[in-house]
Amino acid sequence: MIGEEKFQPDYTNILKVMYNQKPDYLPLYEHHIDAPFISKYTNEKIEIVSNNSSDLEEYFRKTVHFWMEHGYDAFDYEAGICDIIPGHGAILGGMLGPIQTREDFEKYPFDEIPTIFWNTYKPRLDMIRKVLPTGMKAYGGCGYGIFETAQDLVGYESLCVMQYLDPELFADLFNKIGDVYVKLWTKMVVEYADIFVFFRMGDDLGHKTATMLEPDTIRRFILPQHKRVIDIVHEAGKKFLLHSCGNIFEIMPDILANGIDAKHSNEDQICPYRVWIDKYADKVGLFGGFDMNFLILNSYDTVYRKVLEEGTLFRSLANGYGLGSGNSIPDYMNVDGFRAMTDAVKEIRRRENK
């Protein structure tokens, strides 16, 4: 497992972070590694071109192999809800979502979403089950979050206006989104618990200086819907990770009260990662640590030295800790930055195994 030997993944190692226990060796974790980045790294085109079985098998075998050869015990897969909802696109900016009025809300085809979702993602989830190597699982589940889906259905600015001009519609929207999530997640945890080591929701609730909506608004309308999903996951005997970008310290007590088992996402512009450890390492497992911009903008040697030093420190300070970028590995990530990070983790493992 360590050093030059071929890495043998062990998903129970990363699972220990979810119990806030110290893993046997330092796990690697990424919220996502974009397929175009893997293509750039490997000089081989890797993408889902169709739901054809042979296309999916080729994609997932290559993707899983990439994660495994770089030392990951599990890989990310999220069946993106926003990617398949009718009228999708407002979350990307530059357009209004399909729901602007009560009439829009009443005629929106919420009931069609589960059928579209499972028609799209069942073949992919089934293929993951087929290709997973021994000792490896996925983490993720139903992709996107409650707030993100509201943004996609309305648009961020319009959603902020709706809160004050039509508060009843605003409340009904979040309740309805919660109902959709409950339906999708209930089936996900029943039918695919075997392929996921833990489940995860990504819902970006903050920006660099504050939350995206007023903290009381998040507490009243968004976190109760999170709790519905968290309860479904826990009732299935699984652990739950929340990925949320931004400065969300004001609502972290409420997030913790919801019962999350681990938290991911950090940016150096908001605070040093040591702050997350000091505040929350005794409460939940923690993932991340290294700002995406740092990995992109610096040389291999600079990244390697910092990850080696600080990764060793973070592991010593936190019980449940998995190392990775503070966000994800996008297509524009520096190949050397990613390689330096994973090489440093391998060296930390090697030193501990002496």
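All of the numbers you see were taken from the coordinates with simple rules; none came from a lab. Given the structure is predicted, the values throughout are model-derived calculations rather than measurements. Quick reminder, even Gly has a Cβ in these numbers, built from the backbone with ideal geometry, and neighbours come from all protein chains shown.
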Determine the gain in length on full extension of the stretch Lys40-Asp104; use 0.36 nm per residue of separation and subtract their C-alpha separation, reporting nm with one decimal.
18.8 nm
Only Lys, Arg, Asp and Glu count, each charged at its Cβ (+1, +1, -1, -1), so figure out the dipole size of segment 38-129 about its Cα centre, rounded to 20 debye.
140
For a label point 7 angstrom out from the Cα of Asn258 toward its Cβ, which stretches of segment 72-112 have the backbone nitrogen within less than 12 Å?
none
Karplus 3J(HN,Hα) series, Hz, for segment 9-19 with 6.51 cos²θ - 1.76 cosθ + 1.60 (x for Gly, Pro)
x, 9, 4, 5, 5, 6, 4, 4, 4, 5, 8
Quick one: plug the Kirkwood hydrodynamic radius of segment 93-227 (C-alpha pairs) into Stokes-Einstein at 25 °C, 0.890 mPa s, and report D in µm²/s.
150
Taking only the alpha-carbon atoms of segment 306-350, the convex hull volume per residue, in cubic angstrom, is 72
Figure the gain on full extension for Glu309 and Val49 (residue separation times 0.36 nm, minus the Cα-Cα span) and round it to one decimal in nm.
89.5 nm
Net charge near Thr209 (other residues with Cβ under 15 Å of its Cβ; Lys, Arg +1; Asp, Glu -1) is -4
In whole Hz, what ³J(HN,Hα) sequence does segment 227-237 give by Karplus (6.51, -1.76, 1.60; θ = phi - 60°), x for Gly and Pro?
4, 4, 6, 4, 5, 4, 5, 5, 5, 8, x
Antiparallel bridges, percent of DSSP beta bridges restricted to the chain (to nearest 5):
5
Over segment 11-352, the quotient of the Cα radius of gyration and 2.2 N^0.38 Å is 0.97
With the Cα gyration tensor of segment 230-354 in hand, convert its eigenvalues to equivalent ellipsoid semi-axes via √(5λ) and list them largest first in whole Å.
26, 17, 14
Within the under-11-Å Cβ sphere about Tyr304, not counting Tyr304, Lys/Arg +1 and Asp/Glu -1 give a net charge of -1
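In Å³ and rounded to a whole number, note down the convex hull volume per residue for the Cα atoms of segment 81-136.
Numbers: hull volume 5.6 nm³, N = 56.
Cα-based convex hull of segment 81-136, divided per residue, equals 100 Å³.
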Electrostatic dipole magnitude of the chain [Cβ: Lys, Arg +1; Asp, Glu -1; Cα centre; debye, to 20]:
1100
Going toward the positive end of the dipole of the chain, with +1 on Lys and Arg Cβ and -1 on Asp and Glu Cβ, which of Gln151, Gly237, Phe117 do you reach last?
Gly237
